[in-house]
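Q: Dropping the structure in here first, questions after.
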Amino acid sequence: MPSSPSFTLVSRCTVSPDQISDIKTLKLSVSDIPMLSCQYIQKGVLLTFPPYSFDDLVCFLKQSLSTTLSYFPPLAGRLTTDPDGHVHITCNDAGIDFLVVKSPNISIHNVLVPGDVPDCVKQFFTFDKTLSYSGHFKPLAAVQVTELADGVFIGCIVNHAVTDGTSFWHFFNTFAEITKGALKISKSPDFGRNTVFNSQAVLKFPPGGPTVTFAGDEPLRERILHFSREAILKLKYRANYGCLLTKQTNSEVLGKLCNDSWKSVNVETNGKVRNSNDEISSFQSLCAQLWRSVTRARKLAPTKTTTFRMAVNCRHRLDPKLEPYYFGNAIQSIPTFASAGELLGKDLSWAADILHKNVVAHNNDTVRKGVADWEKQPRLFPLGNADGASITMGSSPRFPMYNNDFGWGRPLAVRSGRANKFDGKISAFPGRDGNGSVDLEVVLAPDTMLEVENDPEIMQYVSEF
């Protein structure tokens, strides 16, 4: 954690599992290995102050974290590379870092202030700009607990070559569940490695390991854009039917949509009919709108190729399916391409449709082909925006982020650190109010962000928390 006048590091220690691991090693898969050049995941939750002292909270968290690690022994291990070049997690119970920080001058209001995410949020996390390859000699995870003037922030930091978002939030949720008093966890991780992702292919690294694939010193702005359930449904309607809801249709159609009766809405508009077989999802609709607005804001030449890249969970796409709580990375990246002129010259439904078709087409065969292609040419995951025309969507509004109730109530907000951020990096969170609302953590170049803020096509859907 960087030093700051507003933040004081009180203590730093190692927390180890309360039971010896019966897992010796786990081999990194073809979905894990590309993440070795990515920085550690940094996500955390803002909470009101617990109904007991901060010192007691620290004691409870240490105890529950030790118990949680016994269910997730790989996180308490270290990375090793064998003589053949295969990277493994050695489950040696070495433990993870646990930091206690005090920041009496920062309040909940300072964190939730409208507009850009304040810089103080970045101080809630350790392992800044640490590449996942560093897990060979650093802990694979850390927890930082920061006492604020009127609340608490619990930050969780995990090596990205060890977990994807699904596994990350499973661990974080379990940590909260045990702290709350659960004697048995509700969802056990699956550490099986007999999957399509298990491979003998080797990715060779230069001495000292890989370097980050994007510039880490560019000026950026970061802002949370909140989309209510109603706004999302309006976007979904527009994407599926090519028009806005009118005053005549708004009440009837939105009423059905808000009652989860989307499939009973049979509308024909502008010659377009949608049914459940080719329905564009709410999230695909939102992604398409963001793609259009950011592309417009960048003022790209009409012939410039733009890319919208989405990370997708492959657990349920494979045949046979992986266990829902398979531990590790089980993701692939889906890039969708369109020229700037085509993207902006056509309507939202066109952009949403090509995103939708790309996601639907990513089935068992596509996943296996992606694995085979990687085995022929092992490579790192290309995070960044080298051509100035790319957007990378990460995380998911389906992740149970607000399930992190440590015993005194749901989080007030979810925030992230500096890790893996560049112009065009977007992260999707569920809205705190639930029911289909979405928060987008948008990271853009300052001039691009200003143009997006002045774009009525997207900002009509944005509301305050």
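Q: Go through LEU343, LEU380 for me and flag whichever is surrounded by 18 or more Cβ atoms within 10 Å (Cβ to Cβ) and touching a residue at least 60 places away in the same chain (Cβ under 8 Å).
A: From the options LEU343, LEU380, the qualifying one is LEU380.
Q: In addition: Mind checking which residues of segment 173-199 are among the hydroxyl-bearing types (Ser, Thr, Tyr) and either in contact with a Gly (Cβ under 8 Å, 6 or more places away or on another chain) or open to solvent by 50 Å² or more (accessible area, probe 1.4 Å) (or both)?
A: Correct list: THR179, SER186, SER188.
Q: Of everything in segment 149-190, what is in contact with a Phe, Trp or Tyr (Cβ under 8 Å, 6 or more places away or on another chain) and part of a loop (DSSP other than H, G, I, E, B)? Give them in sequence order.
A: ASP150, ASN159, HIS160, ALA161, THR163, ILE185, LYS187, SER188, PRO189 - these are the residues of segment 149-190 that are in contact with a Phe, Trp or Tyr (Cβ under 8 Å, 6 or more places away or on another chain) and part of a loop (DSSP other than H, G, I, E, B).
Q: Which count do you get for residues in segment 131-148 that are open to solvent by 10 Å² or more (accessible area, probe 1.4 Å) and either of a type in the set (Lys, Arg) or part of a loop (DSSP other than H, G, I, E, B) (or both)?
A: Total meeting the criteria: 3.
Q: Taking segment 358-387, which residues are assigned to a loop (DSSP other than H, G, I, E, B) and within 29 Å of PRO210 (Cβ to Cβ)?
A: HIS362, GLN377, PRO378, ARG379, LEU380, PHE381, PRO382, LEU383, GLY384, ASN385, ALA386, ASP387
Okay, residues lined up against (1) basic (Lys, Arg); (2) farther than 18 Å from ASP128 by Cα; (3) buried (at least 18 other Cβ atoms within 10 Å of the Cβ); (4) free of Cβ contacts under 8 Å to residues at least 24 places away in the same chain:
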{"residue": "LEU9", "(1), (2), (3), (4)": "no, no, no, no"}
{"residue": "PRO17", "(1), (2), (3), (4)": "no, yes, yes, no"}
{"residue": "MET35", "(1), (2), (3), (4)": "no, no, yes, no"}
{"residue": "CYS59", "(1), (2), (3), (4)": "no, yes, no, yes"}
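Q: Based on what the data block shows, is LEU355 modelled with pLDDT of 95 or more, under 30 Å from ASP32 (Cβ atoms), assigned to a helix (DSSP H, G or I) and open to solvent by less than 10 Å² (accessible area, probe 1.4 Å)?
A: yes
Q: Just a yes or no: is a residue in segment 194-214 in the same structural domain as SER66 (by the TED database) and under 19 Å from GLY394 (Cβ atoms)?
A: No, segment 194-214 contains no residue that is in the same structural domain as SER66 (by the TED database) and under 19 Å from GLY394 (Cβ atoms).
Q: Could you please let me know if THR295 is part of a helix (DSSP H, G or I) and either under 17 Å from the mean Cα position of the chain (by Cα) or polar (S, T, N, Q) (or both)?
A: It is true that THR295 is part of a helix (DSSP H, G or I) and either under 17 Å from the mean Cα position of the chain (by Cα) or polar (S, T, N, Q) (or both).
Q: Which residues, taken from segment 44-57, are open to solvent by less than 30 Å² (accessible area, probe 1.4 Å) and closer than 12 Å to VAL145 by Cα?
A: Of everything in segment 44-57, those that are open to solvent by less than 30 Å² (accessible area, probe 1.4 Å) and closer than 12 Å to VAL145 by Cα turn out to be GLY44, VAL45, LEU46, LEU47, PHE54, LEU57.
Q: If LYS369 satisfies every condition in (1) under 15 Å from the mean Cα position of the chain (by Cα); (2) open to solvent by 10 Å² or more (accessible area, probe 1.4 Å); (3) closer than 29 Å to SER199 by Cβ; (4) free of Cβ contacts under 8 Å to residues at least 40 places away in the same chain but one, which is the exception?
A: Result: LYS369 passes all but (1).
The values are calculated or read from the model by the stated rules, or taken from the named source; none is laboratory data. These figures come from a predicted structure and were not determined experimentally. Virtual Cβ from ideal backbone geometry, glycine too; neighbours counted across all protein chains shown. The accessibility values were calculated without ligands, DNA or RNA, using every heavy atom of the protein model including side chains. Shrake-Rupley method; radii C 1.70, N 1.55, O 1.52, S 1.80 Å.
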